[in-house]
Amino acid sequence: MFLENPALEVDVAPPLGLTCPAAARGRPLPTLQTPAACNCDRLVGVTCDCIWGGMNVKRIVRPLSWLALATAATILIAACGGSSGGGNQPVTFKGTKKVGYSAPLTGQSALYGHAVSQSLKLAADDINAKGGVNGYKIEMDIQDDGTQVAQAVTNTKAMILQDNVVALMGSVTSAQCLAESPIAKQNKIITIDATCNSWQLTTQPDIVNPYWVSIVPNTYMEGTAAGRLAAKLGVSKIFIVSPKYLFGISETNAFLAALKKANSSVQIVNSQSTWYVPFPTNPRWDSTINQIQALKPDLVYSNIFAADQINFIKQALAVDPRFFTKYPMTTLVSVDELTTLGSQYPEGMHAYMRAPFFALQNNNARLTDFINRYRARYNGEYPSDWAVMDYDALTIWAQAANAAKSFDADQVVKQISGHSFDSLRGYKITIRSDELQANVGETTGTTTTSSSYPFPILKDITNLKGDDLMMPLQMVNEIKGNQCDAKAGDPTTANFALCPSWTAAS
């Protein structure tokens with residue numbers, strides 16, 4: 001390694017013949033002494049044998065000033081795992097490798113992009129503090145896409161072709177991921193997806209990317225959880241409102257399939273032509289609000305999210321402060337929406353969530369540590385579900401790449417497929433090799449006020465196991481074998497509810 005100061009040249013061994021014993025690595029040394037094995041009485045232009053971590057290494061020291069010597073001593077402290085400034089950051093890397101993330105820092109999903117970006121930066125710092133990946137420092141390459149598909153595509157191409165990223169983190173919406181996946185596949189760039197979650201991304205034959213790994217509950221899993229939740233409520237009339245794109249349609253189909261299987265007599269009160277609302281933005285919700293009031297459902301099912309959900313709730317409450325008492329919802333929620341609306345978020349909502357920290361924190365020291373460090377770094381903010389999941393995403397990739405001793409996507413996937421990893425969620429995540437989907441869980445409960453947090457949390461919490469929600473392997477194979485197509489031989493029309501195994505079980 002060469003410092004910017006041309007008067008001082010150091011290599012990877014400790015400078016000035018100072019000892020860095022193995023027992024001292026990972027903490028600052030209280031004192032620094034010249035070892036007997038390195039008799040460098042003259043420090044200029046001398047080669048000497050020095051002890052570092054129990055190994056003899058050659059040192060050449062060329063400084064002529066005490067300032068340079070002090071600088072070299074500082075490097076030693078950092079090399080031992082300590083720091084002259086209070087942090088435990090390694091400083092010796094082969095170079096820097098970038099990991100890309102096309103982020104909605106603006107637009108409909110800006111709440112999520114904000115949380116994910118912060119979490120990925122924290123994860124990268126933690127990875128670098130442990131030596132990086134394959135000896136390289138990891139740097140996040142985060143580019144704003146405004147929650148727009150076209151910009152996400154532009155960002156993905158730029159990160160791969162210009163910035164030479166070695167991996168990607170999945171974007172927020174399935175529409176973006178659907179457009180990004182072929183680019184990543186063509187260039188053999190592994191993508192760890194922790195937010196966009198349409199099951200088609202890992203299963204549908206005309207979409208499948210062998211380098212796409214999902215560690216988020218997919219729409220089959222999440223829709224199934226929501227359908228079972230709604231069925232338990234014993235309601236007879238349900239109103240549906242979902243965003244009109246792959247995620248909303250895919251999850252709604254799974255919700256309905258699970259709901260009908262559990263309660264075949266339930267009635268959907270609004271016509272299918274009104275189920276789906278514009279996306280990525282729907283600033284006015286008057287039509288939906290009026291429809292709900294006119295049809296008077298027992299329950300509203302919704303997977304609208306981020307700015308859309310916040311706008312809908314605000315506008316419905318403005319029309320009728322008791323709107324959600326009259327028409328409670330089974331709805332997708334994250335800590336971001338709860339935090340943004342605070343006490344304004346309605347009580348009694350039957351929520352399903354992907355990784356709420358408050359529901360996963362019991363006896364989970366690793367998550368507690370993450371929460372504390374996240375809040376300390378980001379002005380007291382609580383980490384959202386997205387922050388938890390994307391921290392897991394980057395650390396899983398880093399572990400796999402280190403195990404592969406390579407950044408090559410094929411080699412890294414081999415270290416992910418079928419393997420298990422620790423997670424912030426308090427349980428091991430296993431990536432099923434059949435479609436590279438993780439057995440991650442879902443949390444359900446009912447919103448209620450909290451004395452511990454400045455936003456509602458859930459009561460009557462159930463942490464559902466991913467293994468109980470995952471698509472059966474027989475169905476995965478039927479979809480991949482084009483046995484579930486609405487139009488024979490056209491995989492773009494694949495629907496799991498058409499699979500032989502699903503219809504036989506209905």
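The values are calculated or read from the model by the stated rules, or taken from the named source; none is laboratory data. These numbers were taken from a predicted model, which means no experiment stands behind them. Every residue, glycine among them, receives a Cβ derived from its backbone with ideal geometry; neighbour counts consider all protein chains shown. Just the protein is used for accessible areas: all its heavy atoms, side chains included, with ligands, DNA and RNA removed. Shrake-Rupley method; radii C 1.70, N 1.55, O 1.52, S 1.80 Å.
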Along its principal axes, what span do the Cα atoms of the stretch 97-185 show, with the longest given first and each in whole Å?
35, 27, 17
Geometric extent, Cα atoms of the stretch 348-406 - Rg, Dmax (angstrom):
14.0, 50
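Run the accessible area of the stretch 401-506 with a 1.4 Å probe and give the carbon-and-sulfur part as a rounded percent.
For the stretch 401-506, the apolar C and S fraction of the accessible surface comes to 47 percent.
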15 Å reach of a label modelled at THR106, 7 Å along Cα-to-Cβ, counting backbone N of the stretch 131-147:
143-147
Which order do peptides 313-321, 266-274 fall in by mean Cβ count within 10 Å, highest first?
313-321, 266-274
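Tell me the net charge near PHE421. Cut-off is 11 Å between Cβ atoms, PHE421 excluded, with +1 for each Lys or Arg and -1 for each Asp or Glu. Walk me through the numbers on the way to the answer.
Details: positive: ARG425, LYS428; negative: ASP392, ASP422.
Local net charge: 0.
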Go through 100-112, 251-263 and give me the packing order, highest mean Cβ count within 10 Å leading.
100-112, 251-263
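Does the stretch 389-506 come out rounded, prolate or oblate, given a ≥ b ≥ c as the square roots of the eigenvalues of its C-alpha gyration tensor, rounded meaning a/c under 1.5 and, failing that, prolate meaning a/b above b/c? Spell out each step's value before the answer.
On the way: a/c = 2.66, a/b = 1.16, b/c = 2.30.
The shape class here is oblate.
Rank-order 324-332, 240-248 by packing density, defined as the average count of other C-beta atoms within 10 Å over each peptide's residues, highest first.
Details: 324-332: 20.9, 240-248: 23.0.
Highest-to-lowest ranking by the protection proxy: 240-248, 324-332.
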